[in-house]
């Protein structure tokens, strides 16, 4: 068994794959920011709010939002602080909490709108309208590592502020978020989706209406919603930059497990991704990208690999594409690239570390068995032996 019995959070973070650090840091920051927003709202609701305390809480939130921006820019020092200092706070928050049954009555309109107003107010306070707004749309199946492309987004905004719209971050705003994660983590997305989808849509609409630069991240599983969004952005005068990830399903599926296990180590909970959802996004993205390029719903279209190397670029000049549409061809070419012996060895090693972490935390035997089946099937398909390592 590999060394998974870490003595401290520092050890956990040090051993994390680099791309996973950003994804887990996003989760930690969303949790901490959500708690801060709630603390401010609770103080404001009091008959006699403590003005000094309110100013302190708001100053702390401003600092957190600055760190969030630095995190998205890829600042490793800030990411490390989020994972260790804030990660420890989140870990303590979930430790020793009784796993009670969660009441999942839908949020009232009042509750839903109160949270929406907090999110919109934040956009208003911490970003500014742009004279020539730009939107960066990121696409890729779960586990592809598309969060790492956000750091590149700043290049398209010429130093101006921008809004990152990520539905997974908004999940933390749900009043029952903690209870669901502790009791029904496998259903977390499904149970929070009704409100999260509306918050995401309404914050997105607000950002467009007020001409904010924005970054939006999604899987591009279906072409209809994202293509309608791109059309709307173009109609509103936005410069549209679409960036998609070309990552083989074997690598991204492993990525979903790596992220889940790191979340488990830090928080004691994680957001699992069903293989069916992963596979649907993997297949569906090709159709979506094909339609985006065919209908010219962009100003710049770029394809990147997991290491953030640019593989393909096309631009719309006037009403025509700069080059014949071959984005899908570029994605497939990268996905089907032959692996080296060293890549296969590292892939097997990464899966073994995932399985060791699952065993160490006493995961359900069916969960371990399912992960091992995925591992063995993929390794055999790639020409290796699951047991010769």
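The values are calculated or read from the model by the stated rules, or taken from the named source; none is laboratory data. Keep in mind that what you see is a predicted model, and the values were worked out from it rather than measured. Cβ sites come from the backbone with ideal geometry, for glycine too, and all protein chains shown count toward neighbours.
Observations on the model:
- Just one of the listed residues (184, 141) is assigned to a helix (DSSP H, G or I) and within 30 Å of residue 364 (Cα to Cα), and it is 184.
- Sole exception among (1) within 26 Å of residue 256 (Cα to Cα); (2) assigned to a helix (DSSP H, G or I); (3) under 25 Å from the mean Cα position of the chain (by Cα) for residue 301, by number: (2)
- Across segment 171-193, not a single residue is classified as modelled with pLDDT under 95, touching a strand residue (DSSP E or B) at 6+ places or on another chain (Cβ under 9 Å), surrounded by 16 or more Cβ atoms within 10 Å (Cβ to Cβ) and within 23 Å of residue 32 (Cβ to Cβ).
- Only one entry of 291, 306, 315 meets the criterion of being in a helix (DSSP H, G or I) and either without any contact (Cβ under 8 Å) to a residue 60 or more places away in the chain or surrounded by 15 or more Cβ atoms within 10 Å (Cβ to Cβ) (or both), and that entry is 291.
- Filter pass, residue 70 being free of Cβ contacts under 8 Å to residues at least 12 places away in the same chain and within 25 Å of residue 152 (Cβ to Cβ): yes
- Matching residues, segment 365-383, being at pLDDT below 90 and surrounded by fewer than 11 Cβ atoms within 10 Å (Cβ to Cβ): 381, 383
- Boolean, residue 167 is within 17 Å of the chain's Cα centre (by Cα) and either crowded, with 20+ Cβ neighbours inside 10 Å or more than 18 Å from residue 233 (Cβ to Cβ) (or both): no
- Failed condition for residue 211, given (1) in contact with a strand residue (DSSP E or B) (Cβ under 9 Å, 6 or more places away or on another chain); (2) at positive phi; (3) modelled with pLDDT of 95 or more: (1)
- Of all residues in segment 173-206, those satisfying the criterion of being touching a helix residue (DSSP H, G or I) at 6+ places or on another chain (Cβ under 6 Å) and either closer than 27 Å to residue 130 by Cβ or not assigned by the TED database to the domain that holds residue 126 (or both) are 173, 196, 199, 200, 202, 203, 206.
- Answer from 157, 126 - the residue that is farther than 30 Å from residue 280 by Cα and touching a strand residue (DSSP E or B) at 6+ places or on another chain (Cβ under 7 Å): 157
- If the condition is being at pLDDT 95 or above and farther than 15 Å from residue 307 by Cα, then segment 331-346 contributes 332, 333.
- The residue that is surrounded by the fewest Cβ atoms within 10 Å (Cβ to Cβ), counting only those in segment 324-336 that are without any contact (Cβ under 8 Å) to a residue 60 or more places away in the chain and part of a loop (DSSP other than H, G, I, E, B), is 324.
- Breaking point among (1) over 27 Å from the mean Cα position of the chain (by Cα); (2) surrounded by 15 or more Cβ atoms within 10 Å (Cβ to Cβ); (3) modelled with pLDDT under 95, for residue 321: (3)
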